[in-house]
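Working notes for the structure below.
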Amino acid sequence: MNEFSFLTRFSATTFLFPGQGSQHAGMISELAAAYPVARETLEEADDLLGFKLSDLCLNGPEEVLTDTINAQPALLATSVAVLRVLAQELSAPDAGQDGPGACFVAGHSMGEYTALVAAGSLSYADGLRLVRERGRLMQEAGTTAPGRMAAVLALSAEEVAAICARVSEAPDRVVQVANDNCPGQIVISGNEAGMEEAMARLSDAGARKVIPLAVSIAAHSPLMQPAAAALRAAIDATPLLPPAVPLIANTSAAMLTDVEAIRAELTAQLTGQVRWTESMQLALAEGVTRFAEIGAGDVLTGLIKRIDRKTTRLAVHDVAGVEALVAAVAA
């Protein structure tokens, strides 16, 4: 039985799981102090991975936490800690049912792994091992083929993609749309030469801002290809079950319940584009009116506000957030 079966008590709801960039020292520290199960979940990760991830999540230092190989398991562990608090609070038989309607999970980039843990497709232990390996492989690929990423504001995804395509016609230039996050916020990724030219062209084309991101790898670009085969081998070796609720996938912006399709998605998103705007539009088309971000920060609820301001949005990373989500079922 999926330990997070409480998800199905919610109607017209998509549970969102943050990706790299949302991490920060002290994330969920209030919950870890208030709920022993949250602290125990982080400490379980310590035992599984062989180092003090819990201390890194709660106390930093920030520069070590931000390292790709640490940030990815840290984000998964903190989101699962919040899920276990919610499961505990919603375990009573009279905790209520929100009503009929569709429920989905979605995760931004590596958050897709957390979404699969929530949906009962991937175990917590296997999820931690996979994202730790994913982070290691991405770090290794970034050393072999250094790259950069940048956020582009106030241009459409189509405009940005067209400029990236023109720049990439040169044999020494690699650049593409990495994330279509929401209308007016696109992230590009590529090698140094491709990024330098694309950023200049995008500014000339009328972008309000082109902001370099504090990363040293070109995620969601062909520069991650050296990591793809090894990651696929790790994914293939990991047991997966059909998710209890559908996953809205990053690269296809489609609902997935088939295990082989999910394996292919997890591999494809390493080099492919995160189609977040389209993914959330699919959820809206399916009747979703509430989005609950589980884990560190509120980046994804902020993006949803830009996609559809009429939605209900909850960022669940502290006691107040847990109480608000539990109240939604009890109402």
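For (1) of a type in the set (Ser, Thr, Tyr); (2) modelled with pLDDT under 95; (3) touching a Ser or Thr at 6+ places or on another chain (Cβ under 6 Å); (4) assigned by TED's automatic domain parsing to the domain that holds Glu260, each residue gets a yes or a no:
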position: Leu53; (1), (2), (3), (4): no, no, no, yes
position: Ala74; (1), (2), (3), (4): no, no, no, yes
position: Thr78; (1), (2), (3), (4): yes, no, no, yes
position: Arg84; (1), (2), (3), (4): no, no, yes, yes
position: Ser91; (1), (2), (3), (4): yes, yes, no, yes
position: Asp94; (1), (2), (3), (4): no, yes, no, yes
position: Gly99; (1), (2), (3), (4): no, yes, yes, yes
position: Val105; (1), (2), (3), (4): no, no, no, yes
position: Glu112; (1), (2), (3), (4): no, no, no, yes
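Scanning region 118-130 for residues that are touching a Leu at 6+ places or on another chain (Cβ under 7 Å) and either within 21 Å of Thr14 (Cβ to Cβ) or hydroxyl-bearing (Ser, Thr, Tyr) (or both) yields Ala118, Ala119, Gly120, Ser121, Leu122, Gly127. Restricting attention to region 270-310, which residues are in contact with a helix residue (DSSP H, G or I) (Cβ under 9 Å, 6 or more places away or on another chain) and at positive phi? Gly295, the sole residue that qualifies. The set of residues from region 234-248 being part of a helix (DSSP H, G or I) and in contact (Cβ under 8 Å) with a residue 60 or more places away in the chain comprises Ala234, Ile235.
Assessment of region 196-203 against the conditions (among the acidic types (Asp, Glu), buried (at least 17 other Cβ atoms within 10 Å of the Cβ) and modelled with pLDDT of 95 or more) yields at least one matching residue.
Counting residues in region 75-97 that are polar (S, T, N, Q) and crowded, with 24+ Cβ neighbours inside 10 Å gives one or more. Every test in (1) without any contact (Cβ under 8 Å) to a residue 60 or more places away in the chain; (2) out of contact with any Lys or Arg (no Cβ under 7 Å at 6 or more places or on another chain) is passed by Thr267 save one, and that test is (2). For beta carbons closer than 8 Å, sequence separation of 6+ or different chains, a first residue in region 75-86 that is more than 10 Å from Phe4 (Cα to Cα) and a second that is basic (Lys, Arg) and modelled with pLDDT of 95 or more, the qualifying pairs are Ala81/Arg39.
Of Arg129, Arg173, which residue is within 30 Å of Val245 (Cα to Cα), surrounded by 15 or more Cβ atoms within 10 Å (Cβ to Cβ) and of a type in the set (D, E, K, R)? Just a single option satisfies the conditions, and that option is Arg129. Going by the conditions given, is Val131 part of a helix (DSSP H, G or I) and either in contact with a Pro (Cβ under 6 Å, 6 or more places away or on another chain) or in the same structural domain as Gly190 (by TED's automatic domain parsing) (or both)? Spelling it out, Val131 is indeed part of a helix (DSSP H, G or I) and either in contact with a Pro (Cβ under 6 Å, 6 or more places away or on another chain) or in the same structural domain as Gly190 (by TED's automatic domain parsing) (or both).
In region 167-233, counting only strands (runs of 3 or more DSSP E) that sit wholly within it, the ones holding 1 or more residues that are within 18 Å of Ala141 (Cβ to Cβ), touching a helix residue (DSSP H, G or I) at 6+ places or on another chain (Cβ under 8 Å) and not acidic (Asp, Glu) span 175-182, 185-190. Please indicate, with yes or no, whether at least one residue in region 122-130 is of a type outside the set (Lys, Arg), more than 25 Å from Thr267 (Cβ to Cβ) and out of contact with any strand residue (DSSP E or B) (no Cβ under 6 Å at 6 or more places or on another chain). No, that holds for no residue.
The values are calculated or read from the model by the stated rules, or taken from the named source; none is laboratory data. Only a predicted model underlies this, so the values are computations on that prediction, with no experimental measurement involved. Heads up, the Cβs are rebuilt from the backbone with ideal geometry, glycines too, and the neighbour counts pull from every protein chain shown.
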